[in-house]
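Have a look at the structure below, then the notes.
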There are 6 protein chains.
Amino acid sequence: MTLTLKLTGKLFESDELVDVLKAVKDLSEKEDLAVVTGGGGLARRYIAVGRSLRLNEGYLDLLGIESSRMNALLVALYLDGYKGVPRSLEEFVSVWSFKRPVVAGGFQPGQSTAGVASLIAEATGSRELILATTVDSVYDADPRKYPNARPLKEVRLSELMDILARDQDVRAGTYELIDPLAAKVLMRAKIRVRVLHYRDMRRYLQGEDVGSRVVPE
Amino acid sequence: MTLTLKLTGKLFESDELVDVLKAVKDLSEKEDLAVVTGGGGLARRYIAVGRSLRLNEGYLDLLGIESSRMNALLVALYLDGYKGVPRSLEEFVSVWSFKRPVVAGGFQPGQSTAGVASLIAEATGSRELILATTVDSVYDADPRKYPNARPLKEVRLSELMDILARDQDVRAGTYELIDPLAAKVLMRAKIRVRVLHYRDMRRYLQGEDVGSRVVPE
Amino acid sequence: MTLTLKLTGKLFESDELVDVLKAVKDLSEKEDLAVVTGGGGLARRYIAVGRSLRLNEGYLDLLGIESSRMNALLVALYLDGYKGVPRSLEEFVSVWSFKRPVVAGGFQPGQSTAGVASLIAEATGSRELILATTVDSVYDADPRKYPNARPLKEVRLSELMDILARDQDVRAGTYELIDPLAAKVLMRAKIRVRVLHYRDMRRYLQGEDVGSRVVPE
Amino acid sequence: MTLTLKLTGKLFESDELVDVLKAVKDLSEKEDLAVVTGGGGLARRYIAVGRSLRLNEGYLDLLGIESSRMNALLVALYLDGYKGVPRSLEEFVSVWSFKRPVVAGGFQPGQSTAGVASLIAEATGSRELILATTVDSVYDADPRKYPNARPLKEVRLSELMDILARDQDVRAGTYELIDPLAAKVLMRAKIRVRVLHYRDMRRYLQGEDVGSRVVPE
Amino acid sequence: MTLTLKLTGKLFESDELVDVLKAVKDLSEKEDLAVVTGGGGLARRYIAVGRSLRLNEGYLDLLGIESSRMNALLVALYLDGYKGVPRSLEEFVSVWSFKRPVVAGGFQPGQSTAGVASLIAEATGSRELILATTVDSVYDADPRKYPNARPLKEVRLSELMDILARDQDVRAGTYELIDPLAAKVLMRAKIRVRVLHYRDMRRYLQGEDVGSRVVPE
Amino acid sequence: MTLTLKLTGKLFESDELVDVLKAVKDLSEKEDLAVVTGGGGLARRYIAVGRSLRLNEGYLDLLGIESSRMNALLVALYLDGYKGVPRSLEEFVSVWSFKRPVVAGGFQPGQSTAGVASLIAEATGSRELILATTVDSVYDADPRKYPNARPLKEVRLSELMDILARDQDVRAGTYELIDPLAAKVLMRAKIRVRVLHYRDMRRYLQGEDVGSRVVPE
């Protein structure tokens, strides 16, 4: 079975990085795995410098993309798979043809790595897109603001997009999860999403039903 | 001055193709010109075949992108500029460094060539993005449905996006003009847009104030 | 066993396209398959436009090549093989190293896709080159002019080239089959050719002795 | 004005190499110059080894092509132009866009570097194709066999091809000059050819009417 | 005149980054400028993570190289030159052919970016290699250990290499300046080196004789 | 098990070339084999010509690298593996991901193909680096000068480097074996080296303990 896994860029600043990547490696030996990495704090730092140099927003995005590729290279060199980092979806699908794990960062200005992950999940015919992030679940409201926000074990994608549209704060916090490109692609390709905290990767690997399921409806 | 010009794919099925491309060539000799071409009927035909082969939507988009590159190659071979067709924004900006006209088609699934044109306009620091299409203006309602719809000489981008969101039919007709990626990029980069009919390219070249202006506000 | 299959560009305008490609996919699962596609009507249309723009013949050939790659991409995305389209023989043999089906269109101005298919058949050590075209056999004269022209179950390549040289009309009709480059390569590499109508692909797959055999003598 | 110059591979084994390349460099500073180099004895040596390893003819051609690129690299590094060696016509025309001298060797199995030079002359719109070779002129018969063979100051291309077809020995000797692909391309693009001995490059540069002219008729 | 400038990776963590890059931009408008950037703390951080993942040293070097390319991309997007980052010397010299500023990071495991800068200085025929680093001069001993170490206004390269070989501590501190590959290349190509603190770039630009000169003897 | 084999360029001028390559092919069918080829006399010849054209040393190295790639291509086309020649370590490791034999020549000016082989041995995790050269062993002094020089069955790398540093003549003769880059990489990656004469490849293949072992201490 084919899986696409998106690792938040924040993982790469975390003490748990090595443990999580070990779980990812184990996963890559059990399934046909495509991985996408975010840029995290590295991206933010270079974008800030670029902004003080007054680069245009497209160029700032290129710096963010390059940052996500740093993280992708680290993962690619660690996994037993393709030891390069494809720079576009076309390059990704060409390399994917050879049936080895492949790791990508961003592809293009104007989109998140969640969008990239959705495009890859679609092109590889993935059974599921796993979003390994810094929240342990999807909530029905922003848990930082509403103490009694309830975690959702399962949510429809359309519903999730409504929550995001309604509540700007939630949106800001979860934008990284699913942006409009990602939503569009997941819906048209009918791809299930699992949102989980990266530190639950090992439990996921062992078959536990961790995090939330987003159903493409 | 730098300009980005997007040519609708429908132009490439039109009897006026040669005349319009002559105007484009003249323009490329006066300004630093980046050109983006749509896929038009060719894209639609290959996507239909791909759909009957049950290809996934991402692959269908790749067929549409390849169609737009056919049109881009035709224009590139005709202009006195770069004789290749860049396949990503990164490749575009690398080639653009050498100060010659460059022509691109699509870059990636999940986005329109209007999005591509916006990204290019931003990266090249274009003074204006010209959308050469099959309507002679932006209207305040769908002119095919409302006979007294009024053409707008100038419209704010936010206003235009509101019209598009309100009126699904207008949206269907003008989606090609400006999709969400394009809107986002044009807004953040503060790029003016001119919407005109491709058969008015020659008049535009001669300095006439044809079509509509979209102001990035 | 390795096979090279050349699909005429005309197939891609035919109602039988989907059925034929299904047979090709089945074939690719039984044999090591290299596929080459022609440009067909798409090539002719873009070449005509290019000619009215007064492009040189080399550039017109590039448009024809790009058209054949459109068709190649469609097939590549459908087969379970390499999801890119190699642009030169060198790129082809590099990708072929990884033992997956590969699909190419044209490579270079001044040659037909039959020439490309011969080069690929040689480089891959193909047991046979299958030319899937719009005639069901090789004839001893042009069947459109001579009602009693006889189909040839087997013909020597040198003999076929003589027929082509003698009869300009036959030549015009079958030029697509075997051009001088193709003949030269087939002869030197001693590759057997099978000429069949594309609608007989399924019967060929089932082991029937359809079409004509051309023996490299 | 644009010129394409083909240097025989034999030049690269000659004592006059340095002098001739100096003349080529001077020429590249006066005209827009595209250069193509043959493989010469280097190609023959590697092809012989490859044959004793029983490589197929297509692979032997690849060795010949790589040899011609060795010579191309030498010239490219010496001229003040593009410091790479394009590997296909498409790559050539992309690089040529930037208005610098470009040097290529072979492109593809099954064709001579004379064919390559013709394709380049066509694509660059060259005023003339110069074939710098080891004969000082075209003759009306093989001068090695017929002592009173007469040099031809000017000859029509069709006539030259007739001589080559009639006289196998002449053909063997001059095949390097113009093969069928070259003839076809030169004719369709109406490119004049000048055949001269490489040691006359300096005189040609000074405006002398050295060698033979081949008229594309 | 052609100059090669190597910027230490430490610059990219400094508050003076923007000011220094402005001086570099001014320099790039006066001279034909090639720039090489180090990886700095970013490289060290990713190498440390890679080491805890037990990657081999060659892969760790690849992470360091990718880090230096992050910095190179930032500079390339800021300068008015080539907007890509060449990944090998061959790619560098190809792009350099088009007479625009080019920025590179590392090329290959097993060598420092000082080695890269020397190779580029040699290939571009640079009049001088400027090493913009974190020391304001070359000293005759390690100034951190010997308070009365004297700065050297001019030093022969062979002498400098002797100091480095004799004094391991100096070597550790200045290894970044000139490693064995760099020394070998500078010597054979007879390239002068200027060592200066990056914050003196502006003064250098204004013609001051800042830092130390290393003479290739 | 993974092995890296470096073939001296001199092999390619030897009468034993075909026999040796047959042994290499047999080896490639038993082990995961990476091969690196030297440039030999071909490199020397082109470098000499380049020098008379007054090319810089970096460009001369590029000619040497291209020569080594000629030899690499010959081997690649003969083995049943990747039919291209990677031009950098990054390209090498990407292609190596697909678990097929890969052959490289040089990568970059300023280093020997022994350095390349060490980098490849490290990146591929090779159990051993085999240096197939023109001496049958490592000696404790230059055997051409000291008739009673003794062959060493096993030698520590540090010891070997001392011998090389002490005895310039030995160094000149064995420099091809191990240059400073190679020594550094072999030491850090703890790779065993076997030095043998290329004509002993067959015996090595049959499990004989031919040549000398160099231990990375």
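The values are calculated or read from the model by the stated rules, or taken from the named source; none is laboratory data. A quick note: this is a predicted structure, and the numbers were derived from the prediction, not measured. Neighbour counts are summed over all protein chains in view; Cβ atoms, including those assigned to glycine, are modelled from backbone coordinates with ideal geometry.
Data table
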{"item": "Number of positions in the stretch A:36-80 that are among the polar types (S, T, N, Q) and either surrounded by fewer than 24 Cβ atoms within 10 Å (Cβ to Cβ) or within 13 Å of chain F (Cβ to nearest Cβ) (or both)", "result": "2"}
{"item": "Scope the stretch A:27-60; condition among the small types (Gly, Ala, Ser) and assigned to a helix (DSSP H, G or I); matching residues", "result": "A:Ser28, A:Gly40, A:Gly41, A:Ala43, A:Ala48, A:Gly50, A:Ser52, A:Gly58"}
{"item": "So A:Phe12, is it of a type in the set (Phe, Trp, Tyr) and either within 14 Å of chain C (Cβ to nearest Cβ) or not in a helix (DSSP H, G or I) (or both)", "result": "no"}
{"item": "Positions within the stretch C:82-102 being within 17 Å of C:Leu3 (Cβ to Cβ) and either touching a His at 6+ places or on another chain (Cβ under 6 Å) or of a type in the set (Ser, Thr, Tyr) (or both), in sequence order", "result": "C:Tyr82"}
{"item": "Filter pass, A:Ala76 being under 22 Å from A:Met1 (Cβ atoms), touching a residue at least 60 places away in the same chain (Cβ under 8 Å) and outside any loop (DSSP other than H, G, I, E, B)", "result": "no"}
{"item": "Filter result (aliphatic (A, V, I, L, M) and touching a residue at least 40 places away in the same chain (Cβ under 8 Å)) within the stretch B:23-43", "result": "B:Ala23, B:Val24, B:Leu27, B:Leu33, B:Ala34, B:Val35, B:Val36"}
{"item": "Members of the stretch A:12-40 found to be closer than 21 Å to E:Leu62 by Cα and among the small types (Gly, Ala, Ser), listed by number", "result": "A:Gly38, A:Gly39, A:Gly40"}
{"item": "Residues being part of a strand (DSSP E or B) and surrounded by fewer than 19 Cβ atoms within 10 Å (Cβ to Cβ) - total across the stretch F:198-217", "result": "2"}
{"item": "B:Tyr46, sole failed condition from (1) touching a Ser or Thr at 6+ places or on another chain (Cβ under 8 Å); (2) in contact (Cβ under 8 Å) with a residue 40 or more places away in the chain; (3) aromatic (Phe, Trp, Tyr)", "result": "(2)"}
{"item": "Any hit, the stretch C:45-65, residues being farther than 23 Å from F:Gly81 by Cβ, under 16 Å from the mean Cα position of the chain (by Cα) and not small (Gly, Ala, Ser)", "result": "yes"}
{"item": "Spans of strands (runs of 3 or more DSSP E) in the stretch D:81-165 with at least 1 residues modelled with pLDDT under 95, within 20 Å of D:Gly40 (Cα to Cα) and within 14 Å of another protein chain (Cβ to nearest Cβ)", "result": "none"}
{"item": "Odd one out for A:Val18 among (1) more than 16 Å from the chain's Cα centre (by Cα); (2) more than 14 Å from chain E (Cβ to nearest Cβ); (3) of a type in the set (A, V, I, L, M, F, W, C)", "result": "(2)"}
